Structures are given as structure tokens and as C-alpha cells.
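The structure appears below as C-alpha cells.
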Amino acid sequence: MTMSKRTIWWIVILGGLVALVGLAMRPRPLPVEVAPLTRGPMRVTIDEEGRTQVKRRYVVSAPLAGKLLRIERKAGDHVDEGAVLARLVPADAPLLDPRARAEQEARLHASEAAVAQSNAVVARSRVADGSARDDLMRKRKLATSSAISAHDLEVAESEAAARTQDLASAEFGAKVADHQLAEARAALQRGRSGRVDEFEIVAPVSGQVLRVMKESEGVVTAGTALVEVGDPSVLEVAADLLTVEAVRVRPGMAAFIDHWGGPQALAARVRSVEPSGFTKVSALGVEEQRVRVLIDITSPAERWKALGDGFRVSVRIVTMAVDGALKVPVSAVFPLPEAPGAAAGPMAVFAVVDGRARQTPVEVGARNGAEAWLVKGMTLGQPVVVYPPPRVKDGARVAPRRVD
């Protein structure tokens with residue numbers, strides 16, 4: 001039995017419709033973004049905010065208590081070593097109320113009377129001393145002719161020595177009385193006349209005035225901070241790192257200073273890591289243990305001469321550097337299901353092979369915020385899926401779109 005041409009046509013049409021339905025029901029390729037594996041330098045860094053500070057700074061304080069004259073120096077002024085920064089003069093005597101003044105006047109009168117009394121005692125002691133000396137000279141002449149006994153001569157010598165001591169004591173008492181009289185007069189004196197001695201406070205080093213802590217005239221105590229002096233051309237950067245990150249930092253490590261206001265990052269090097277940590281409360285109110293790291297800027301000073309003391313910058317400390325590393329965007333690497341969330345566990349990427357995503361285990365040597373270093377599992381130039389969506393599974397058809 002043979003089929004007619006009409007039947008054949010209907011069979012062909014039905015077959016085409018079935019094929020069209022099959023194609024329509026076939027899963028469409030998932031659009032994904034891909035990036036190729038590249039080879040180049042790999043840098044693992046610790047990123048933190050930092051602050052510039054003058055390396056050698058000196059806080060000049062008042063060595064004595066007194067009255068500080070107004071400081072004419074301003075922040076930014078250049079000073080040479082030994083230049084006068086501030087001047088101190090004796091503080092004014094306090095004002096006296098009527099009662100205190102009456103007491104001081106009485107003290108003055110008492111001091112004057114004590115001086116008169118001490119002068120009288122000195123005069124009397126001087127007369128007694130002269131008389132004793134004369135008597136001793138007479139008895140010594142009599143003793144040569146045996147007119148008096150040796151005992152009488154010894155008594156005369158003792159009397160003369162005692163009167164000499166009395167005179168010395170009276171003269172010392174007169175000096176004390178004179179001093180007390182001078183104190184009593186000074187307590188009543190208001191203000192000062194004539195020249196006043198000044199104590200000059202000088203700069204310990206050459207540099208610039210960084211801050212003036214007390215500019216106006218006034219009475220200060222010993223140790224009061226007055227002026228801060230330093231050389232802003234010798235800067236360092238201080239960064240407070242978390243202790244879990246600071247243990248990976250060593251003196252001599254390379255670093256970079258970003259976001260300082262210039263077009264390019266500045267080269268730097270870690271100078272020291274302080275041995276003790278401290279507690280710092282974060283912006284979220286969480287207590288954190290941090291360690292201060294000091295970093296020297298190694299770029300030419302002409303590039304960063306606009307930087308000053310206390311400027312905010314960003315710091316990148318290089319803890320690992322690999323040249324010629326095989327790299328992929330860090331967003332392409334994910335942990336395998338058997339080790340979810342394990343930072344050091346098995347990792348994988350989705351490699352694009354013949355239009356399909358193939359889950360490929362890889363070994364990650366290191367990674368930073370942008371790139372991951374693949375030690376094993378992939379070859380140069382092979383595309384991988386970045387930011388793989390949840391619908392991408394092993395063997396899924398994908399429509400790659402390259403991202404730069």
C-alpha cells in the first residue's frame with residue numbers, strides 16, 4: 001500500500017511541528033559573565049586606615065611656675081634651634097583684703113621691732129665680747145708674772161670664747177630678722193616697678209611650630225604644655241591593625257599609601273610593630289584588640305610635600321608577593337559543597353568548556369580583595385564564570401559574556 005503525496009506532506013508538517021515544540025521546550029543557555037585566567041604579579045595585602053604624624057616631635061613645657069607672656073608664634077612658623085618660643089616672668093602677688101592687709105602690716109611692724117631688737121642684742125654682744133677680750137689680755141700679762149693662778153686664766157679664756165660665740169649668734173639673728181622684714185615688705189607691695197627678670201623658653205630643635213597649646217597670657221604651673229615643635233618634612237604613618245592581622249606583619253615589609261590626595265600611591269616600608277596591643281571600640285560599639293604599626297614613606301619627599309601632621313590616609317601592607325602567578329577574579333572561586341565556608345578547604349571554579357559550565361576543583365595559593373592565585377587545576381587563558389548564579393550547575397549550558 002503506497003502513501004499519497006498528501007499524506008507525506010502531512011507527515012513532514014507534523015514532524016516539523018514536533019521539532020519546533022522540542023526546540024521551544026529545550027532549556028535555554030544561562031547568561032553568565034566570564035573572565036579568562038591571566039598571569040602576573042600577585043599581592044596579598046592588609047588594608048587599614050592610617051594617620052600621618054611627625055616622626056620627631058617635641059612638646060615644650062613651662063619648666064617653672066610663673067606668669068606666661070603672650071606667645072607670638074603661630075602654627076606653621078619656622079623656628080631655629082635656640083629660638084625663643086615663650087617668656088615667663090614672676091607671677092603677680094595676690095591682692096590683699098583689709099583683714100589680710102592689717103595682718104601683713106602687723107607682721108611688718110613686728111619684723112621691724114625684731115630687727116631693732118636684734119641690732120640691740122648685737123650691740124650688747126659686741127660690747128661684752130670686747131670687754132671679755134680686754135680682760136683676757138690683762139690676765140695673760142698677770143699670768144706671766146705669776147700674779148694670778150692658771151685657773152683664773154682659763155676662766156678668762158672661756159669667758160672670752162663664750163662672748164665671741166654670743167656675738168656670732170646675735171649677728172646671725174640680726175640677718176634672720178632682716179630677711180623676715182624684707183619678706184613682710186614684699187607681701188605688702190602690690191605690682192612691681194622697674195625691670196622684671198624674664199625666663200626665656202627656647203626651641204630644642206629646628207623645625208616648625210606644629211601647635212600652640214596656650215597662646216594667651218596667664219599664670220601657668222610647672223610642666224604646662226605650651227608649644228609643640230617638629231619637622232614636618234620627616235613624616236611617618238601610624239596604622240592600628242587588628243592583632244590577628246598584625247602577627248603577619250614584619251619590619252621591612254613593603255607597603256603603599258593610598259587616598260592621600262595625590263594621583264598615585266606612595267611607596268612605603270614597615271619600620272616597627274609595637275609589642276603591646278590596646279583595646280579600641282569600633283564604630284559599631286565592638287571592642288577590638290589592635291596593635292600600632294609605624295610605616296616610613298620611601299617615595300621622594302617632593303611627591304608628598306603637601307602632606308602634613310595628622311592627615312588621614314589608607315595603608316596597604318604587602319604580606320605576600322608572587323610574580324607570574326596564575327590569577328582569576330576572586331569572585332570566581334567558591335568552596336565545594338563538602339566544605340561549606342571552609343576558607344582553607346577544597347575550592348572550585350566553573351570553567352566554560354564547549355558552551356557548558358564544568359565544575360573544576362582548584363588549589364588556591366592565596367587571595368586578596370580582587371584576585372585569587374590558582375596553584376593547580378586550571379590553565380592560562382581558560383575562561384571561568386565570575387559571580388556564578390545559583391542556577392549554574394555542573395554541565396549546565398551557558399551563554400558567556402566576557403567582562404573586563
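Readers should treat all values here as calculations from the given coordinates under stated rules, not as data from a laboratory. On a predicted model such as this, the values are computed, not experimentally measured, just so you know. Note: ideal-geometry Cβ built from the backbone for every residue, glycine included; neighbour counts use all protein chains shown.
How big is Rg to Rh over the range 190-349, alpha-carbon atoms, Rh as the Kirkwood inverse-mean-distance radius?
Rounded to two decimals, Rg/Rh equals 1.17.
Rank the residues VAL209, VAL286 as a footprinting-exposure proxy: fewest other Cβ atoms within 10 Å of their Cβ go first.
Starting with the residue having the fewest Cβ neighbours, the order is VAL286, VAL209.
So what's the net charge close to VAL273: Lys and Arg +1, Asp and Glu -1, counting the other residues with Cβ under 14 Å from its Cβ?
Overall, the nearby charge balance is 0.
Once the principal axes of the Cα atoms of the range 98-188 are found, what is the range along each, listed largest first in whole angstroms?
The Cα atoms of the range 98-188 stretch 71, 14, 13 Å along their principal axes.
Please compute the contact order of the range 202-258 in relative form: average sequence separation of alpha-carbon pairs under 8 Å and at least six residues apart, divided by the residue count, as a percent.
33
Mean separation of Cα pairs under 8 Å and 6+ residues apart, divided by the residue count of the range 98-188: what relative contact order is that in percent?
Rounded, it is 51 percent for the range 98-188.
Among the lysines in the chain, how many pairs, 8 or more places apart or on different chains, have alpha carbons under 19 Å apart?
Step by step, the pairs that qualify in the chain add up to 4.
Using only DSSP helix segments of four residues or longer, with each worth -39500 (n - 2.57), what per-residue ellipticity at 222 nm results for the chain after dividing by its residue count and rounding to 500?
-10000 deg cm²/dmol
Test of understanding: ordering ASP258, ASP323, ASP240 by Cβ neighbours within 10 Å, fewest first, what list do you get?
ASP323, ASP258, ASP240
Going by C-beta contacts inside 10 Å, put ILE297, ILE13, ILE71, ILE317 in order with the fewest on the left.
Ordered from fewest to most neighbouring Cβ atoms within 10 Å, ILE297, ILE13, ILE71, ILE317 come out as ILE13, ILE71, ILE297, ILE317.
On C-alpha positions alone, give me the angle between the axis of helix 5-25 and the longest principal axis of the chain, in degrees, nearest 10.
The angle comes out near 10 degrees.
Quick one: dipole size for the range 98-188, taken about the Cα centre, charges +1 on Lys/Arg Cβ and -1 on Asp/Glu Cβ, in debye to the nearest 20.
180
Normalised by the number of residues in the chain, what is the relative contact order in percent for Cα pairs under 8 Å and 6+ residues apart?
28
Can you compute the radius of gyration and Dmax for the range 293-384, using only the Cα atoms, both in Å?
Final numbers for Rg and Dmax: 19.1, 58 Å.
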